[in-house]
Amino acid sequence: MTQATASTMTTHNLSVRYGKHLAVDQVSLSIHSGQVTAIIGPSGCGKSTFIRCLNRMHDFIAGVEVDGQILLDGVDIYGPSVDPVSIRRRVGMVFQKPNPFPHMSIMQNVLSGFAFTRKRTSKSKEEIAEIALKNAALFDEVKDRLNAPSGALSGGQQQRLCIARALAMEPEVLLLDEPCSALDPISTARIEDLIHTLRTNYAIVIVTHNMQQAARVSQVTAYFLSGKLIEVDETRKLFTNPADQRTEDYITGKFG
Amino acid sequence: MIKNHTNRAFDNDLRILRDRILLIAGRVEKMVANAIKSLSENDTALAQKTIDYDKSIDSDEVIVDRMSIELLAQRQPVGQDLRFIVSVIKMVTYFERLGDLAIKICHRIIELNRLDRSHDAGDIADMAKSVQAMIRETLEAFLERDYEKALSVIMKDDAVDELHHLITKRLIAEMHAHKELVENYYHLLSIAKWLERMGDHCTNLAEIIIYMIKGQDVRHKRLAPTE
Amino acid sequence: MAAFSEQDFLSTANEMKEVESARVIVGITREEKNAQLVERIFRLLCLSAAFLPLLILAFLVGNTVISGLERIDLDFLTGFPSRFASKAGILPALIGTFYLMLLTTIIALPLGVASAIYLEEYAKDTWFKSLIELNVTNLAGVPSIIFGLLGLELFVRALGLGPSLVAGALTLSLLILPVMITATREALKTVPKNLREAGLALGGTKLSVTLRVVLPLAMSQIITGAILSIARAIGESAPIIVIGAATYLAFLPNGLLSEFSALPLQIFQWVERPQADFVENASGAIVVLLAILAIFNLSAAWLRHHKEKSRGSL
């Protein structure tokens, strides 16, 4: 039985402007722990821009205006007294192209978050790394070579290393920005399987341009178009009988 | 489907599937029309022709099923496309059954015409006409994606059931009254039963068509006219 | 639902096979022969363009090196300049060059790297940044003697440092700073953007990401650039002449404000003398200078090669 889950992250009328261009237009969306929310939409629909608001990655880009609220457990992450570093510890991100640090070993990569945030922990470093690597379904493959450079791993393994690196910080939310786009089908399948096991403990958001992946992996799907949230619904309903004609056009490939 | 799929090969495949199911539907409609015609005109030859015609439909069913499954595997369709293909798979079964029933009726007509004909088949002809109209309306509902027409078919079934009930009562009474015509009336009873079943199949088809159009599953429910 | 039948495919394939075999029999066409000839001539031209300068260089250097090697011995390397050619040595010049190199590195390297980091990682795209970049690019092309004049006015006279080691080092630093900034920026650019993103997403500040991710990865290329820049600096004679480095120094430099000499200067001075022996001395000093430069350039090349090998998949 599913228990009632407290909403972990909610956006209220979130808008993002790059100069004159409105990339995200008044989006209100809730993301819950225990489920995977997929965000789909054509190129330029604002889905990547949206997800990067959730861990304040836009802070590093000049000329970006963010309006509206993003609440993490009830607290606005753009509030005046909020430390962005603490947000990024609680909201982890995995990128499209696997990006482990090449000058660090596998072990160092997994623990690199600690070097950046000075997070305190009671566990030993080895323990943390082992747990994170196990949760990322990578431990068995690398346990004998934790000090080997990360560049020696395959693409799929590197991506799981990036996931382990994010998990080591024990985040509440996991943001996946097209995590399988650069991977072969088998690696993709392994990561989708991994996402399935991870969702019980995290709120996961996955941006994907692959609709079948969204259908396979998520419980809730949101469809973005030109910066607006057109429809958000249970995945199985959205893909069999969407409410909005625009959603129907996109998922059946009548778009453009 | 006003807009076309960006992938035109997919559009083409869907069109081919649609044409094929329409072909099957058209054949079945013709068979039923012929059966009813040979009933009212005592035309044994037509009935025989209709029975022979049945051979081609079975292979069509196999082709439609194969095409549908291939499309599901190749295209992983969603939304309306998915509902369309799944509906086609289900509808083909009911069309096959309609065809079978038409054949059965033709066989009975041939039997009937061998006997001495002094029976009264008037109201059965009326029932047959109603069923024929239902089939026509079902096909139109599918062709035009018309929700109202599909609903209307479902509504009409009650009248057909009622007709069947009355005809059965009359025929049984006739059987008691004219024991020498029992065989005739027996055949007529069977024909009436099968016409009623045809009406039921039309209802099933209409329910599937409503699912295809609206995504609502209306089976085993009494429909309110506002839905 | 196939548009073609199996038969259609087979017949087309057979047709194509026939055309192919016909081609082989006839051989290649005249057009293709011409194209191949042009290709060969072009390749030959490129090859000679590459080797010709090397041949010329080998000829020029070869003469000097042969006579220079004969002159070098321990006395030459440890001796002081003298009016007598046979007794003259290059020790002060050698030590001066060494100190210059050290000081220039200490001054220019941090400044260059810090400027490059600012321009590459922090500066916002404004007219101000474009102005700085324009200046850096332009300064890289300014003749070294101008830097000498600048050093003379600013360091030697205005700041009152006199014709000292520190003034020389400061001047040379200014000379190589633009090149070093550019080389460091190129090194920083080779670090992919998504690695910075990864660090930032893990909670790093821009500074910590730069220090822990970008710099370590760019370091070998930065050092390569630095080595090459400094190698250029120690080979420059114009700036240190203008500053007033001593052409005849009988003692070793003894402090930052001390007068100094340097190898290029010593070479210049000896070459000016009419006596043939001094030309021999000059050749010797040239060989020493070339050896030092060779060591620098080779280590830069080795570093680059070694780092590329151990890169793995980036």
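Across region A:19-31, coupling constants 3J(HN,Hα) worked out from phi with the 6.51/-1.76/1.60 Karplus curve, θ = phi - 60°, read x, 8, 7, 8, 8, 10, 10, 6, 9, 10, 8, 10, 10 Hz, and Gly and Pro carry x. Using a Gaussian network model of chain C in which every pair of alpha carbons under 10 angstrom is joined by a spring, one finds that among C:ILE240, C:ILE132, C:ILE222 the greatest mean-square fluctuation is at C:ILE132.
To the nearest whole number, what is the average tally of beta carbon atoms from other chains within 10 Å of the beta carbons of peptide A:245-255? List each step's numbers first, then the result.
Numbers: counts 1, 0, 1, 5, 6, 2, 6, 14, 12, 12, 3.
For peptide A:245-255, the averaged partner shielding equals 6.
Put simply, the Cα atoms of chain B extend 67, 41, 22 Å along their principal axes, the longest span coming first.
Neighbours of A:ALA222, meaning other residues whose beta-carbon lies under 9 angstrom from its beta-carbon, give a summed charge of -1 when Lys and Arg score +1 and Asp and Glu score -1. The charge dipole of region A:7-251, taken about its Cα centre with unit charges on the Cβ of Lys, Arg, Asp and Glu (plus for the first two, minus for the last two), comes to roughly 580 debye. Here the scattering of region C:147-293 is modelled by Debye summation over its C-alpha atoms, one equal scatterer each and no solvent; at q = 0.13, 0.16 Å⁻¹ the log10 of I(q)/I(0) is -0.72, -0.90. Largest GNM mean-square fluctuation among A:GLN245, A:GLN159, A:GLN213, using chain A with Cα springs under 10 Å: A:GLN245.
Around A:THR235, what is the net charge, scoring Lys/Arg as +1 and Asp/Glu as -1 over all other residues with Cβ under 14 Å from its Cβ? The partial results should precede the final answer.
Working: positive: A:ARG199, A:ARG216, A:ARG236, A:LYS237; negative: A:GLU192, A:GLU231, A:ASP233, A:GLU234.
Local charge sum for A:THR235: 0.
Distance between the modelled labels on C:GLU32 and B:GLU111, one decimal in nanometres: 8.0 nm (7 Å Cα→Cβ projection). Largest GNM mean-square fluctuation across A:LEU229, A:LEU146, A:LEU175, computed for chain A with C-alpha springs under 10 Å, falls on A:LEU146.
Couplings for region C:162-171, taken from phi via the Karplus curve 6.51 cos²θ - 1.76 cosθ + 1.60 with θ = phi - 60°, read x, x, 10, 4, 5, 5, x, 5, 4, 5 Hz in order; Gly and Pro are left as x.
When only the Cβ of Lys, Arg, Asp and Glu is charged (+1, +1, -1, -1), the dipole of the protein assembly as shown relative to its Cα centre reaches about 2380 debye. Considering only C:GLY141, C:PRO239, C:ALA300, and ranking their Cα positions along the charge dipole of chain C that arises from unit charges at the beta-carbon of Lys, Arg, Asp and Glu, the one farthest toward the positive end is C:PRO239. Put +1 on the Cβ of each Lys and Arg and -1 on the Cβ of each Asp and Glu in the protein assembly as shown; which of B:MET134, A:GLY34, C:LEU69 then has its Cα farthest toward the positive end of the dipole? The Cα lying farthest towards the positive end belongs to C:LEU69.
Considering only chain A, what is the antiparallel percent among its DSSP beta bridges, to the nearest 5? Don't skip to the answer; put the middle values down first.
On the way: 25 of 42 bridges.
Of the beta bridges lying entirely in chain A, close to 60 percent run antiparallel.
Given a Förster distance of 22 angstrom, what is the FRET efficiency for C:VAL271 paired with C:LEU60, based on the Cβ-Cβ distance and rounded to 0.05? Efficiency for this residue pair is about 0.90.
Once you've got the Cα coordinates, tell me which of C:LYS124/C:LYS193; B:LYS104/B:LYS193; B:LYS30/B:LYS104; A:LYS20/C:LYS206 are over 18 Å apart.
Numbers: C:LYS124/C:LYS193 16 Å; B:LYS104/B:LYS193 11 Å; B:LYS30/B:LYS104 15 Å; A:LYS20/C:LYS206 27 Å.
Distance filter (> 18 Å) returns A:LYS20/C:LYS206.
Taking a ≥ b ≥ c as the square roots of the eigenvalues of the alpha carbon gyration tensor, chain C is oblate, as a/c is not under 1.5 and a/b does not beat b/c. The label point for C:VAL142 and the one for B:GLU70, both projected 7 Å from the Cα toward the Cβ, are 7.6 nm apart. Using the rule -39500 (n - 2.57) for each DSSP H run of four or more residues, divided by the residues of chain B, the 222 nm mean residue ellipticity is -29500 deg cm²/dmol. When peptides B:46-52, A:90-96, A:22-28 are sorted by average Cβ neighbour count within 10 Å, with the highest value leading, the order is A:90-96, A:22-28, B:46-52.
Quick one: of the DSSP bridges fully inside the protein assembly as shown, what percent are antiparallel, nearest 5? Show your work: numbers first, answer last.
Numbers: 26 of 43 bridges.
If I count the DSSP bridges inside the protein assembly as shown, around 60 percent turn out antiparallel.
Ordering C:GLU70, B:GLU111, B:GLU207, C:GLU31 from the fewest to the most neighbouring beta carbons within 10 Å gives C:GLU31, C:GLU70, B:GLU111, B:GLU207. The calculated FRET efficiency for the pair C:HIS306 and C:LEU211, based on their C-beta separation and a Förster distance of 30 Å, comes to about 0.85.
If R0 equals 25 Å, the separation of the Cβ atoms of C:ARG157 and C:ASN254 corresponds to a calculated FRET efficiency of about 0.65.
From the alpha carbon centroid of region A:161-229 to that of region B:39-107 is 43 Å. Bridgeable aspartates and glutamates around A:LYS97 (alpha carbons under 15 Å apart, same-chain partners fewer than 8 residues away excluded): A:ASP177, A:GLU178, A:ASP184, C:GLU197.
Relative contact order for chain B: what is it in percent, counting Cα pairs under 8 Å that are at least 6 residues apart? Write out the running numbers ahead of the final one.
Numbers: 223 pairs, mean separation 54.1, N = 227.
RCO, chain B: 24 percent.
The charge dipole of region B:102-212, taken about the Cα centre with unit charges on the Cβ atoms of Lys, Arg (+1) and Asp, Glu (-1), comes to about 360 debye, rounded to the nearest 20. The alpha-carbon positions of the protein assembly as shown define a convex hull whose volume is 279 Å³ per residue.
Quick note: the coordinates plus some simple rules give every number you see, no bench work behind them. Predicted model, so just to flag it, every value in this text is computed and none were measured. Note that we place each Cβ from the backbone using ideal geometry, even for glycine, and neighbour counts take in every protein chain shown.
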